[in-house]
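In what follows, a single structure is set out as structure tokens and then discussed.
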Amino acid sequence: MSASRYEPKGAFGRFIHTFEETAIAVLLGLMTLVTFVNVVLRYVFNHALIWGLELTLVLFAWLVLFGISYCVKVTAHLGVDAVTSVLPTGPKRWLAILSGLICVFYAVLMMKGAWDFWAPFAGFNPTEGRWFPTGFVERRSQSFYESDQIPIPFQWMNDWLAYTFNSFMDGNQLVTEPYEKMPRLVPYVILPLGCALLLFRFVQATLGVIAGRRESMIVSHEAEEAVEKAAAEDAKV
């Protein structure tokens, strides 16, 4: 199965697939737009968006972490199948299931680490336990940390973020401290979100292998299929 052959099933599946592809396209488009505008400002007007580089880095991180789970879904991740491709169907399927379970375990570890890193920036508590979450441990809130240069585009967003994450009780009075820059909890939220999506897609893919709906966790013979397709097109010419 190659990435180009993935077909979503059902109206909800098509909606999710379209949403994921649109989100990836928007992130890539914003990266390109910000970089292009910054280059024009720098070389034509001797000016620059001081927050442009930081925003581009954040968008790139979002693109990568969001795209990992998408590639699991459409079987676009590359892998080495030199051994599994020569095995009979039975052993090949069991190895695919084993690799799926290993990937699920890896995603669980990633999810725990992502939550433990992001939680203090949002005023939440990280988990206890070295490998598996066994509860929550109280930590000092770090929701007051801000990004270096990224501004908050709308005042209502600043009000909501400050009220939700950067407020505290002073006696009987609620004190809200507005942010000067985008709080770090916003760009870092892709860590638990992306890892949660990755965990979900690995579970979904593993169940698909068990049910016989897919053969493996990776794309197989992508280069070989591309060469055969190009040869066929040349033959037609």
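The table below gives the values:
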read-out: Span from the the stretch 183-219 Cα centroid across to the the stretch 85-134 one, whole angstrom; value: 9
read-out: Equivalent-ellipsoid semi-axes of the stretch 66-218, from the Cα gyration tensor, Å, largest first; value: 42, 17, 11
read-out: The stretch 1-108 - percent of accessible surface contributed by carbon and sulfur, probe 1.4 Å; value: 76
read-out: Sequence-distant residues sharing a close amide H with GLU146 (under 5 Å, placed H); value: ARG184
read-out: Built amide H within the under 5 Å cut-off of PHE136, gap 5+; value: GLU128
read-out: Per residue, in Å², the accessible surface of the chain once ligands and nucleic acids are set aside, probe 1.4 Å; value: 65
read-out: Sites PHE200 and THR89 - FRET efficiency at Förster radius 22 Å, r taken between beta-carbons, to 0.05; value: 0.20
read-out: Given charges at beta-carbon only (K, R positive; D, E negative), |dipole| of the stretch 1-139 in Debye; value: 340
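The values are calculated or read from the model by the stated rules, or taken from the named source; none is laboratory data. Predicted model, so just to flag it, every value in this text is computed and none were measured. Glycine also receives a Cβ, built like all others from the backbone with ideal geometry; neighbour counts cover every protein chain displayed. Please note that ligands, DNA and RNA were not included when accessible areas were found on the heavy atoms of the full protein model with its side chains. Shrake-Rupley method; radii C 1.70, N 1.55, O 1.52, S 1.80 Å.
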